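The values are calculated or read from the model by the stated rules, or taken from the named source; none is laboratory data. Remember, predicted model here, so these are calculated numbers, not experimental data. We place every Cβ from the backbone using ideal geometry, glycine too, and count neighbours over all the protein chains shown. Each accessible area value is taken on the protein alone, full model and side chains, heavy atoms only, with ligands, DNA and RNA left out. Shrake-Rupley method; radii C 1.70, N 1.55, O 1.52, S 1.80 Å.
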Amino acid sequence: MPLYGASSTLWKKFFIDKYGRKRTGDDKFNIVNLHKFLLPIKKARKGNGLKNRQMPKEPDDSLRFTIIRHPLARLIAHFKKPQLDRGELVALKDQWVRPSIILGRNDPSWTDEKKARFELELDLWIDGKLTPEQSPNNTLLSEPTFSEFVRFIIDADDKGDKRAYNVHWRPISEWLDICQNDIDIIVKLENSKSEIPVLLDEINLSDHEDYFLENTEKENDVNIEEFMGQLSPRDQERINDFYEMDYEFFEYSYIFSTPG
């Protein structure tokens with residue numbers, strides 16, 4: 001049966017990078033265009049009684065699965081991207097890098113002229129056209145901190161700003177839509193050693209177990225408490241509340257840490 005996934009870096013890396021971008025002769029590896037197989041309500045056809053909604057040409061015996069992780073670990077993994085890759089800093093500039101820095105570093109005592117100057121220099125720095133040494137505001141030109149990133153999300157959520165619900169960190173319970181999508185298997189990344197083999201057995205990929213376990217182990221290497229310690233007690237409470245439904249649905253725990 002055809003095997004489709006949805007926007008998962010690990011699965012893309014396995015199927016596309018490992019096997020190339022051409023079909024291998026087996027439908028389950030033909031996932032170059034996975035983004036076309038997401039299941040929005042408006043485009044899905046009515047189910048056959050076995051599933052509430054079905055994709056076009058989806059066989060009745062299809063298997064739907066997803067892999068989730070602690071929402072704070074997912075948030076941290078995305079935050080680290082621009083810290084590790086200058087290209088990501090530029091790519092995520094307008095999504096949250098620039099607004100996070102501006103929200104966290106603007107001084108209310110600044111004149112409009114000074115504020116505009118700072119924002120101009122910030123744009124030039126992010127785009128690689130200015131070094132901190134060339135700017136009198138050099139102490140303010142650096143990657144956003146985790147505290148600034150979280151404060152941006154909290155502030156956007158308070159204002160009803162859709163940027164708070166970016167696909168990279170919005171609550172799992174909101175995008176997964178368990179009841180409508182009839183997920184057959186949900187694997188928690190933290191339990192990958194025991195749950196990944198079950199999934200691979202279901203989709204006849206047990207021969208590749210070592211590959212998946214090796215990569216999921218890398219994804220699990222996140223010290224949530226260390227990052228939470230960078231937040232004020234109030235911001236720790238608020239970002240945990242942001243993911244409250246995930247904790248209830250998927251039995252994850254609230255995580256707090258003494259600010260360092």
If R0 = 41 Å, then Asn204 and Asp161, at their Cβ-Cβ distance, give a FRET efficiency to the nearest 0.05 of 0.40
Nearest-10 value in Å² for the accessible area of Lys129, using the 1.4 Å probe: 150 Å²
If you place +1 on the Cβ of every Lys and Arg, -1 on the Cβ of every Asp and Glu, and leave all else neutral, what size is the dipole of the stretch 131-260 about its Cα centre, to the nearest 20 Debye? 700 debye
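Please report the relative contact order for the stretch 173-260, taking Cα pairs under 8 Å with a sequence separation of at least 6, and give it as a percent rounded to a whole number.
Working: 53 pairs, mean separation 23.9, N = 88.
Worked out over the stretch 173-260, it gives 27 percent.
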Protein accessible area in the stretch 99-190, 1.4 Å probe - carbon and sulfur %: 49 percent
Rounded to the nearest 10 Å², what accessible area does Leu103 show when all protein chains are kept and the probe is 1.4 Å? 80 Å²
What FRET efficiency comes out for Asp127 versus Asp241 if R0 is 35 angstrom and r is the Cβ-Cβ distance? Round to the nearest 0.05. 0.50
Which log10 I(q)/I(0) values, to two decimals, does the stretch 159-260 give at q = 0.18, 0.23 Å⁻¹ under the Debye formula with one point per Cα? -1.07, -1.30
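Quick check: residue separation of Ile185 and Asp85 times 0.36 nm, minus the Cα distance between them. What number comes out in nm?
Details: separation 100, 0.36 × 100 = 36.00 nm, distance 3.33 nm.
Contour length minus the Cα-Cα distance gives 32.7 nm.
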Cβ-based charge dipole, the stretch 120-164, positive-most Cα from Ser147, Gly160, Gly128: Gly160
Please compute the length gained on full extension between Leu213 and Ser194, using 0.36 nm multiplied by the number of residues separating them and subtracting their Cα-Cα distance. 5.9 nm
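What GluC sites (Glu not before Pro) does the stretch 156-233 have in DSSP loop regions with at most 12 other beta carbons within 10 Å? Don't skip to the answer; put the middle values down first.
Details: sites: Glu174, Glu190, Glu195, Glu202, Glu209, Glu214, Glu217, Glu219, Glu225, Glu226; in loops: none.
Counting only loop positions with at most 12 other Cβ atoms within 10 Å, none of the GluC sites (Glu not before Pro) in the stretch 156-233 qualifies.
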Relative packing of 164-172, 150-158, which averages over residues the other C-beta atoms within 10 Å, highest first: 150-158, 164-172
Can you list the HN-Hα couplings for the stretch 241-246, worked out from phi with the Karplus curve (6.51, -1.76, 1.60; θ = phi - 60°), rounded to whole Hz and with x for Gly and Pro? 5, 4, 9, 4, 5, 5
